Structure formats: structure tokens, C-alpha cells
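Here is the structure we will look at, set down as C-alpha cells.
The values are calculated or read from the model by the stated rules, or taken from the named source; none is laboratory data. Quick caveat: nothing in here was measured; it's all calculated off a predicted structure. Note: ideal-geometry Cβ built from the backbone for every residue, glycine included; neighbour counts use all protein chains shown. For the accessible areas, the whole protein counts, side chains as well, though only heavy atoms, and no ligand, DNA or RNA atoms are used. Shrake-Rupley method; radii C 1.70, N 1.55, O 1.52, S 1.80 Å.
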Amino acid sequence: LWMRALGLHWRPFHQWLALIVTTSSFAVVDGLHLQQITLLVAGLMAGALAALVSGRLALAGVLLALATVKPQLCVLVVVFLFLWTLGGWRTRRSFVIGFGIAMAVMLAGAEILLPGWFRFWRLEAGVYIGYHKPSLMVSLLGQRAGMVAGGVVVFLCGLLFWISRMERAGTDQFNFCLVAGLAVTLLLLPNAGGAYYNQVLLIPAALWLFTEGRRMAAWRGFARVLWWIAASVLALEWVLAVAVSFAAVVM
């Protein structure tokens, strides 16, 4: 689904290789082990973007609305796609209509099943932030500097979204906005350093790294250095996994 969303047309061998590498990544294995609903949310987001690129805007809105069961994972993607809809309202409004109808049905259904649930949810959200570890940004830079840096990153991300609102779904600029929004989400999520399963949101970023990112690195010196660092760190995950698995068998 992410391949379709990013407009990638790979050979079957490369598709199967990407699928095997993805399902054996630590983020996916961790999510499966913990039975984390984050995997389902990531799948719904992938389906929403694939439907969007295929022109099924109402279906994309419904799937993205379902993904908001974990709103912190998709808030920036929702913001981006709403701004994108405003960039071509007459042809794109079906996305917002589908999203709105699905959200209304879910919210009404939740109120019928558990009256007053939203107040309980707000209280639990505050408790959740209190007992979880800080975001990766705050962990790296400290509380004050991390908050400032996070604000700057969100502002720049919003500016990028606004500039790209006229782009067609599936273009390089559109894909970059999507990847940037998901990467920033991982930087700012609470407990980002310990909740490894959340890194399944970086699957499209990894796909982008080896497609458009690789083409960018071919003609920019600094980009080439950053690309090699990113690719090496990503590959190191499987290299270490092989070593640890072998050691576990021997010991």
C-alpha cells in the first residue's frame, strides 16, 4: 500500500524483498509481540494514502478517520491533507466529506456506547503524557530547547504543507510532505525513545530514502553524505539482528 501511495513501480522480486525486510524489522516485530494497535493504524494510513493516489478520495477520508483511534500518530498527516484539499476544493472535497462522515459516525457511536466518554478520554490523555517518557526531541536537547526546536520544526512542516497544497497526490513534492510529516511525528511523540513499534510510521520514509532520496543524493555532495549515513544506520538493524540471533542460538 505504501508503494502504491508513493507511486513506486518495482519488479516483483524487489517488492517481495521490501516486504520481507519490513516485516522482519524491529519496529514491526516489537509491535506484533506487544499486539500493538499502532500496526493497524499504520496500515489504515497506508490504505488511505493509496486510495488517495488512486483517486478514491471518499474512501481515503474514511480510512484516515478510522486511523484517528490513535490521533497522535496521524495528526500531521490529517493537517497536511486538509490543507491539500483546500488547494483544490472543487475536485478534492470528497476526501473531507468522507472523513467528516466517518468521524461523525464514530463519535456518535462512542457517545451511545459510553455517554460522556470524551471527558474520560481527556483525563486519561493528561495522565498518559504524565507517566510516559518525553519525546525524542526533548530527550536529545532537554526540556526547554526541545520544546523550542519542536515548535520550529512544526512551523517549518506547516509551511511546507502550505506551499505544496496545490500538488497532485503522488508527486515527488507531495510524497516529501507525507514523509516529512511522519518523520516529525516520530520526533515529537511521547516516549518516542522506547515505543519502537511507532517507527512503523517510517516505512514510507525508508522507501523514499531508496528512491527519490537516492536520486537527490546523486547530485548533491552534502545530501550524498547524509544518505550514506541514513542507509548505513538503517541496514545496521538487520546486521546486528543476525549477530544477536546467532549468539542466542550458540549461548
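Give a quick list of trypsin sites (Lys or Arg not before Pro) in region 149-221 that DSSP marks as loop, anything other than H, G, I, E or B, with at most 15 other Cβ atoms within 10 Å.
Values: sites: R165, R168, R214, R215, R220; in loops: R165, R168, R220.
Here the sparse-neighbourhood loop sites are R168, R220.
I need the phi-derived Karplus couplings for region 126-141: 6.51 cos²θ - 1.76 cosθ + 1.60, θ = phi - 60°, integer Hz, Gly and Pro marked x.
x, 5, 4, 5, x, 9, 8, 5, x, 5, 4, 4, 5, 4, 7, 10
When the accessible area of the chain is computed with all protein chains present and a 1.4 Å probe, what percentage of it is carbon and sulfur? Each step should come with its number before you reach the end.
Working: 10740 of 15020 Å².
Exposed carbon and sulfur together represent 71 percent of the surface.
Putting +1 on Lys and Arg Cβ atoms and -1 on Asp and Glu Cβ atoms, find which of F118, S94, I129 reaches farthest to the positive end of the dipole of region 74-150.
About the Cα centre, the residue reaching furthest to the positive side is S94.
Helix-only estimate, please: 222 nm mean residue ellipticity of the chain, summing -39500 (n - 2.57) across DSSP H runs of length 4 or more and dividing by its residues, to the nearest 500. Write out the running numbers ahead of the final one.
Details: 14 runs with 195 residues, N = 251.
Computed mean residue ellipticity for the chain: -25000 deg cm²/dmol.
Could you pull the accessible area for L83 with a 1.4 Å probe, rounded to 10 Å²?
Counting only protein heavy atoms, L83 exposes about 40 Å² to solvent.
Which whole-number percent is the relative contact order of region 104-251 (Cα, under 8 Å, 6+ apart)?
After rounding, I find 20 percent.
Could you tell me the center-to-center distance, by alpha carbons, between region 151-201 and region 1-56 in angstrom?
Centre-to-centre (Cα) distance: 17 Å.
Using a Gaussian network model of the chain whose springs link C-alpha atoms within less than 10 Å, name the residue from F120, F82, F95 with the highest mean-square fluctuation.
F120
Probe of 1.4 angstrom, ligands and nucleic acids ignored: what's the accessible area per residue over the chain, in square angstrom? Don't skip to the answer; put the middle values down first.
Working: 15020 Å² over 251 residues.
Spelled out: the 1.4 Å probe surface of the chain, per residue, equals 60 Å².
Order 172-183, 64-75, 27-38 from most to least packed using the mean count of other Cβ atoms within 10 Å.
For the peptides 172-183, 64-75, 27-38, the packing ranking is 172-183, 64-75, 27-38.
Under 10 Å, Cα contacts only: if you run a Gaussian network model on the chain, which one of G47, G221, G146 comes out with the highest mean-square fluctuation?
Of the options given, G221 has the highest mean-square fluctuation.
Given contacts defined as C-alpha pairs under 8 Å and at least six residues apart, what's the relative contact order of the chain, whole-number percent? Intermediate results must be reported in sequence, preceding the final value.
Details: 261 pairs, mean separation 58.3, N = 251.
Once divided by the residue count of the chain, the mean separation gives 23 percent.
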